[in-house]
Structures are given as structure tokens and as C-alpha cells.
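The values are calculated or read from the model by the stated rules, or taken from the named source; none is laboratory data. Since we're looking at a predicted model, the values are computed, not measured. FYI the Cβ positions are ideal-geometry reconstructions off the backbone, even for glycines, and counts take in every protein chain you see. Calculation scope for accessible area: heavy atoms of the full protein, side chains included, ligands and nucleic acids excluded. Shrake-Rupley method; radii C 1.70, N 1.55, O 1.52, S 1.80 Å.
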Amino acid sequence: MNRRNFLEVTTSSTAALLLSSLDTFSSAEKIELTMNKDFELNILATNWGFNGTMDEYLSRVKKEGYDGIEIWWPMEKKTQDELFMGLKKYQLKVGFLCGAGQNKWQEHLDLFKKMIDEAAGNTFQKPLYINCHSGRDYFSFDQNKAFIDHTLLLSKQSGIIICHETHRSRILYSAPVTRQFIEAIPGLRITFDVSHWCNVHESLLQDQQETIELTLSRVDHIHARIGHPEGPQVNDPRAPEWDNAIKAHFAWWDKVAERKKRNGERMTILTEFGPPDYMPSLPYTKQPLADQWAINVYMMQLLRKRYG
């Protein structure tokens, strides 16, 4: 085959592959589900990787069409005032992220309790939910259970949905460990960031379907990032080579949406593609391979079209 023919074949094949992938992805954009009139969809933006001021961040979130934000609960009053003034100014909803990082269990638990109690008890704006970066993968079962027990009581007292995230290094870092907690604690609610499990188990979890189904029945909040067997974040979900991973993630999210729509419940989703080092980057310069903000906006629009 001469060079000209090779280029023609290669170009045609590449175009066909891209169009095929776009057709597949386009068909995944809409889903027909039975919907209770009380169903409510809220899609939230992350401030992870945003380098501007709070006002600049909130203004851009509003302009893009998000319903609100997910943000770490600020422990300083000045930052709290700035946050709540901005939320009111731009009429945005909020979900809080709470957690700690100490190696020693008691210190970790104490700080976690302090943060989450403040977030739940704030009188400025009631959050849609609180998401927990709770515990450590090396704490014992009973030590990690203490975090969950505290949040169960707090949720009952405050009326706020409190979820624990499926996140590497945390309590629910793997599917089988999460199953142990689900089976032991009927009230456990989950933030489903399945991208971590794809990485931990180096698969799209085909061999753990029963555990995934059990987990999905407890999901109240979703972190919408696409993972793959070798990492927690694909470089760009718009690229056709990630079609299998994308379809797997949407199939999981669809099951949560189906339950939420049928029961007339609120569904909250955070678009959470991250900056480097989550975002793959070029060597030496560390320039990201794609635009993090644009990817998250793309995901927001896709999710709204599919579930709205």
C-alpha cells in the first residue's frame, strides 16, 4: 500500500471510528424513565482546580447553568461569610464536604465530628446533603464504624442527608469492604464515586455485579467522573477511545436515576473531573491534556439532558 492510499484508509477509518463513537454517545444522552412529579435534579460544580476568588467562582458556576456547588465546609468565619454571601447573591444551592486526615484514629474522629457538626448546624443555608471523606482504609472496622454511627445520629437530628464516599484511602475504598459496611449498617447512605473502584479493582467491575447492585441501592449522591481500570480519571470523556468506560458509568448512574425518578426523590450529582495530577499532563511542563472546567461543563450538560 502506497503512502497516499495508507493516508486515505487511515483518515477514513479514524473518521468512521469517531462518528461511530459519537453516535453511541449521542444515543446515551437521552433516557426514558418513569418519573414521579416530585423528582428533582440538582447538578453541582466543584471548586477543585479553580484559582480565582470565591465571587469569580460562583459567578461562573451560575453563568454555566449549574444548580449549585459542592465545597469543603470552611472552618473560618470569614470564609463562611464570604461563601454564604455569594450563595445568596447568585441564588445557588450547596452541598458540603467534610473529612479529616490525621493518622491517629481519635484525632481524626474528633476533627471530623467538629467539622460535620458545624456544617450541619449552620444557620445560614441548609445544605442539600453532606458528603463525607471519612475514616481511613487502615483503621479497623469498628473504628471506621464510629464515623458512620455519628453521621447516622446527626442526619436524624438535622434532617440532612449525609453520605459516605466510595473513595480510595477512605472507609469505602473498595467494593468488598463497602459491602461489609452495607450489610452491617442498614442506614448507611453512599456517595457513589465509582471511578475509584475501577482503579482499585483494575476493572470495570464486571466480576462484582452483585456488590455493585447492593451499593447502588444505597446511593443518594453521585460524583460524576469517568474512571478506568488504570486510573480514576480518563483524560477526556469526549474522546472516542473511552466509550466502554463511559457506557459502564452511565449504566450505573442510570439505575440510581431510575430509583430516584420512580420514588420522586431529589437526585444530586457533582461533576468532578479534577486538575493535575488527576488530569493527565505533559512531562516537565505539567500542562494538562484537556480543559478541566470545559469537561465538567460538558458533563453537566450531558447529565441534565439525560436525567432532566
- Subset of region 115-143 (residues that are free of Cβ contacts under 8 Å to residues at least 24 places away in the same chain and among the charged types (D, E, K, R)): D142
- Query: Of the conditions (1) open to solvent by 50 Å² or more (accessible area, probe 1.4 Å); (2) acidic (D, E); (3) touching a Ser or Thr at 6+ places or on another chain (Cβ under 7 Å), D243 fails just one. Which one is it?
  - Reply: (1)
- All but one of (1) at pLDDT below 95; (2) open to solvent by 20 Å² or more (accessible area, probe 1.4 Å) hold for Y138; which doesn't? (1)
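Out of the helices (runs of 4 or more DSSP H) lying entirely within region 190-308, which hold 2 or more residues that are within 21 Å of T178 (Cβ to Cβ)? If you could, list the steps in order and put the result at the bottom.
On the way: elements: 194-200, 209-216, 243-263, 292-307.
Filter on region 190-308 gives 194-200, 209-216, 243-263.
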- Task: From (1) surrounded by fewer than 17 Cβ atoms within 10 Å (Cβ to Cβ); (2) small (G, A, S); (3) touching a residue at least 12 places away in the same chain (Cβ under 8 Å), pick out the condition that doesn't hold for A146.
- Result: (1)
- Identify, by number, the condition in (1) at positive phi; (2) touching a Phe, Trp or Tyr at 6+ places or on another chain (Cβ under 7 Å) that E202 doesn't meet. (2)
- Query: Has region 279-301 got any residue that is open to solvent by less than 10 Å² (accessible area, probe 1.4 Å), over 19 Å from H133 (Cβ atoms), in contact with a Cys (Cβ under 9 Å, 6 or more places away or on another chain) and without any contact (Cβ under 8 Å) to a residue 60 or more places away in the chain?
  - Reply: no
- Message: I'd like to check something: does region 237-246 contain any residue that is in contact with a helix residue (DSSP H, G or I) (Cβ under 8 Å, 6 or more places away or on another chain) and aromatic (F, W, Y)?
- Response: no
- Can you tell me which residues in region 208-224 are open to solvent by less than 40 Å² (accessible area, probe 1.4 Å), out of contact with any strand residue (DSSP E or B) (no Cβ under 8 Å at 6 or more places or on another chain) and of a type outside the set (A, V, I, L, M)? Q208, T211
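Looking at region 65-82, which of its residues are of a type outside the set (S, T, Y), closer than 30 Å to R304 by Cβ and touching a residue at least 40 places away in the same chain (Cβ under 8 Å)?
The initial filter retains those residues of region 65-82 that are of a type outside the set (S, T, Y), namely 65, 67-78, 80-82.
Next cut, closer than 30 Å to R304 by Cβ only: 65, 67-74, 80, 82.
Within region 65-82, G65, G68, E70, W73, Q80 qualify.
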- Item | Residue identified as within 19 Å of the chain's Cα centre (by Cα) and among the aromatic types (F, W, Y) among Y66, Y90 | Y66
- Message: Show the residue pairs meeting these rules: Cβ distance below 7 Å; 6+ apart or different chains; first residue within region 160-186 and open to solvent by 50 Å² or more (accessible area, probe 1.4 Å); second residue among the aliphatic types (A, V, I, L, M).
- Response: R168/V200; Y173/V200; R179/L214
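Would it be correct to say that F84 is out of contact with any strand residue (DSSP E or B) (no Cβ under 9 Å at 6 or more places or on another chain) and open to solvent by less than 50 Å² (accessible area, probe 1.4 Å)?
When the stated conditions are applied, F84 does not pass them.
What do you reckon, is P276 open to solvent by 10 Å² or more (accessible area, probe 1.4 Å), over 22 Å from I161 (Cβ atoms) and at pLDDT 95 or above? Step through it out loud before you land on a result.
Details: open to solvent by 10 Å² or more (accessible area, probe 1.4 Å): yes; over 22 Å from I161 (Cβ atoms): yes; at pLDDT 95 or above: yes.
Answer is yes for this residue.
For every residue, the table says whether it meets (1) more than 26 Å from D243 (Cβ to Cβ); (2) exposed (fewer than 11 other Cβ atoms within 10 Å of the Cβ); (3) in contact with a Lys or Arg (Cβ under 9 Å, 6 or more places away or on another chain); (4) modelled with pLDDT of 50 or more.
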| site | (1), (2), (3), (4) |
| --- | --- |
| S13 | no, yes, no, no |
| L18 | no, no, no, no |
| K30 | no, yes, yes, yes |
| F39 | yes, no, yes, yes |
| T46 | no, no, no, yes |
